[in-house]
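The structure under discussion appears below in the form of structure tokens.
The values are calculated or read from the model by the stated rules, or taken from the named source; none is laboratory data. What you are looking at is a predicted structure, and each value in this text was computed from that prediction instead of being measured. Note: ideal-geometry Cβ built from the backbone for every residue, glycine included; neighbour counts use all protein chains shown. What goes into the accessible areas is simple: the full protein's heavy atoms, side chains included, and nothing from ligands, DNA or RNA. Shrake-Rupley method; radii C 1.70, N 1.55, O 1.52, S 1.80 Å.
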Amino acid sequence: MHELAIANSIVNTVLKQVEKQNLGRVNAVGLRIGALSDVVPEALEFGFSAIIAGTALEGARLKIENVPVLATCTDCAATFGVKELVFAC
């Protein structure tokens, strides 16, 4: 479950910024996750909520925006969404 490692990295990064900028409590953390990233949002949220207790992030939630992968066909110039590494129009 690599989502726990990702969640840990997110928490560490945000906590460094909280300290650096002398911020208080964090209510939410926004993320953009690409469709081909192989990250399971529910698992990431679970890992995140499991490791934020006792930190400035306690009670914060992840706001996850799923970002589609778009490609353009070299033959017809149509733009299409890429799914499962199939780059075909």
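For the range 13-71, the set of residues classified as over 21 Å from H2 (Cα atoms) and small (G, A, S) consists of G24, A28, G54, A56, G59, A71, listed by residue number. When the range 43-78 is filtered for residues that are without any contact (Cβ under 8 Å) to a residue 12 or more places away in the chain and in contact with a Phe, Trp or Tyr (Cβ under 9 Å, 6 or more places away or on another chain), only T72 remains. Assess whether L62 counts as being aliphatic (A, V, I, L, M) and over 18 Å from N27 (Cβ atoms). So L62 fails the test. Considering the range 23-36, and only residues there that are at pLDDT 95 or above and open to solvent by 70 Å² or more (accessible area, probe 1.4 Å), the residue that is nearest to V82 (Cα to Cα) turns out to be R32. Scanning the range 48-89 for residues being open to solvent by 70 Å² or more (accessible area, probe 1.4 Å) and touching a strand residue (DSSP E or B) at 6+ places or on another chain (Cβ under 7 Å) gives a total of 10. Annotation note: Cβ proximity below 9 Å between a residue of the range 3-30 that is closer than 17 Å to E65 by Cβ and touching a residue at least 12 places away in the same chain (Cβ under 8 Å) and a residue that is open to solvent by less than 80 Å² (accessible area, probe 1.4 Å) and among the aromatic types (F, W, Y) (sequence gap 6+ or interchain) occurs for E3/F48; I6/F48; A7/F48; I10/F48; V29/F48. Restricting V18, V39 to residues that are surrounded by 10 or more Cβ atoms within 10 Å (Cβ to Cβ) and in contact with a strand residue (DSSP E or B) (Cβ under 6 Å, 6 or more places away or on another chain) narrows the list to V39. Just to be sure before I move on: is G81 at pLDDT below 95 and more than 30 Å from V18 (Cα to Cα) in the structure I sent? Taking the combined requirement at face value, the residue satisfies it.
Number of residues in the range 2-48 that are more than 17 Å from R61 (Cβ to Cβ) and under 10 Å from the mean Cα position of the chain (by Cα) equals 2.
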